[in-house]
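Worksheet: one structure, shown below.
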Amino acid sequence: MNAPAKTEDFVAPGAQTKPAVPDNVYAETVLAVEHFTEHLFRFRMTRPAGFRFRSGEFAMIGLMVGDKPIYRAYSIASPAWDEELEFFSIKVPDGPLTSHLQKIKPGDTVLMRKKPTGTLVLDALTPAKRLYMFSTGTGIAPFASLIRDPETYEKFDEVILTHTCREVAELKYGFDLMEEIRNHEFLAELVGDKLKHYPTVTRDPSFPQQGRITDLIESGKLFTDLGVPPLDPATDRGMICGSTAMLKDTKLLLEKAGLTEGANNKPAEFVIERAFVG
Ligand code: A2P
């Protein structure tokens with residue numbers, strides 16, 4: 001006599017190709033991919049129902065590589081109100097995740113752990129007049145989220161986004177974001193002229209604005225160019241996202257100006273977070 005069939009024997013056609021996804025992970029669908037340079041791309045994917053985050057936070061993003069998932073921390077570049085999720089990524093040729101992630105296409109599955117976190121959030125800063133967002137390379141990603149969030153403009157009168165890259169082509173994501181905001185049906189009016197974009201390059205003579213952000217703060221050129229007074233803890237707040245060396249050097253300059261570092265449980269005058277690299 002044949003043994004009765006078990007329910008798990010009845011697998012829908014094609015279902016075997018889908019790896020099992022653990023309870024603490026979402027499996028989302030890629031909606032769009034845009035490549036900027038040999039080293040940079042962005043992608044958008046579906047947002048799971050019930051996934052909540054604060055603008056500026058990061059999540060663990062992953063792919064199945066062989067039969068194992070590989071995850072890396074990625075800032076969520078879309079704002080908290082967006083129905084989709086956006087990410088801005090570097091492509092590392094032999095990077096454990098990005099060597100695969102750079103090949104994703106619409107319709108593919110990307111994994112995301114359920115719990116977002118991070119320090120580059122409005123809650124970690126005390127109120128003030130002006131917010132500086134200092135970024136290098138993919139460090140612009142959390143700010144791509146925050147500059148598209150109305151709450152940023154409720155909390156600050158003026159928002160200054162600095163973005164420094166080696167070459168002009170690497171600045172394109174930032175220029176596109178500014179364009180998107182200017183043309184957006186409700187952000188355009190809400191943001192108005194409160195948001196200023198300050199892009200610079202360090203290894204490309206073809207662009208007018210040159211130099212590391214640290215040098216531009218130290219020389220005072222940043223403030224002269226923007227027509228604002230030098231950094232002052234009474235009026236200014238900062239968020240920093242870039243390489244370890246950039247975080248360290250920029251943090252020192254903010255501290256020299258009298259600003260103190262804050263955290264989620266202890267809001268203060270500036271916060272820092274390492275940009276994704278691997
Ligand atoms: P530079 O070209 O002078 O090194 P990277 O791709 O190496 O992360 O660099 C991204 C940008 O950050 C580059 O423009 C780079 O300038 C700049 N940068 C690197 N290190 C620092 C630092 N310690 N402080 C400020 N900017 C930095």
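The values are calculated or read from the model by the stated rules, or taken from the named source; none is laboratory data. Being a predicted model, the structure only gives us computed values, none of them experimental. Cβ: placed from backbone, ideal geometry, glycine included. Neighbour counts: every protein chain shown. Side chains are part of the model used for accessible areas, which takes the heavy atoms of the whole protein and leaves out ligands, DNA and RNA. Shrake-Rupley method; radii C 1.70, N 1.55, O 1.52, S 1.80 Å.
Worth a mention:
- Region 16-105, relative contact order in percent, only Cα pairs under 8 angstrom and at least six apart counted: 27
- Protection proxy ranking of 86-92, 204-210, 170-176 - average other beta-carbon atoms within 10 Å, highest first: 86-92, 170-176, 204-210
- Rounded if a/c under 1.5, otherwise prolate or oblate - region 181-278, Cα gyration tensor axes: rounded
- DSSP-loop trypsin sites (Lys or Arg not before Pro) across region 106-151, with at most 15 other Cβ within 10 angstrom: LYS114, LYS129
- Note that the chain presents 49 Å² accessible area per residue, ligands and nucleic acids not counted, probe 1.4 Å.
- The label point for LYS68 and the one for MET178, both projected 7 Å from the Cα toward the Cβ, are 4.4 nm apart.
- Heavy-atom accessible area for LYS248, with the other protein chains in place and a 1.4 Å probe, reaches approximately 130 Å².
- Protein accessible area in the chain, 1.4 Å probe - carbon and sulfur %: 54
- When the chymotrypsin sites (Phe, Trp or Tyr not before Pro) in region 188-278 are filtered for DSSP coil states and for at most 14 other beta-carbon atoms within 10 Å of their beta-carbon, no site remains.
- Under 5 Å from the amide H of ARG166 lie the amide H atoms of THR202, each residue being 5 or more positions distant or on a separate chain, with H modelled from the backbone and absent for Pro and chain starts.
- For region 194-204, the Karplus equation 6.51 cos²θ - 1.76 cosθ + 1.60, evaluated at θ = phi - 60°, returns couplings of 6, 9, 10, 9, 10, x, 9, 10, 10, 9, 8 Hz by residue, with Gly and Pro reported as x.
- ARG166 accessible area, assembled protein chains, probe 1.4 Å, Å²: 130
- Heavy-atom accessible area for MET60, with the other protein chains in place and a 1.4 Å probe, reaches approximately 50 Å².
- Cβ-placed point charges (K, R +1; D, E -1), dipole of the chain about Cα centre in debye, nearest 20: 640
- When THR244, THR46, THR224 are compared by accessible area at a 1.4 angstrom probe, the order from most to least is THR224, THR244, THR46.
- Sorted from longest to shortest, the spans of the Cα atoms of the chain along the three principal axes equal 87, 40, 37 Å.
- Long pairs among LYS91/LYS196; LYS91/LYS251; LYS68/LYS105; LYS194/LYS256; LYS105/LYS248, criterion Cα-Cα beyond 31 Å: LYS105/LYS248
- For the chain, the share of DSSP beta bridges that are antiparallel, to the nearest 5, is 50%.
- Using C-alpha pairs below 8 Å separated by at least 6 residues, the relative contact order for the chain is 19 percent.
- Taken one residue at a time, the phi angles of region 247-260 give Karplus couplings (6.51, -1.76, 1.60, θ = phi - 60°) of 4, 5, 5, 6, 4, 4, 5, 5, 5, 4, 7, x, 8, 10 Hz. Gly and Pro are set to x.
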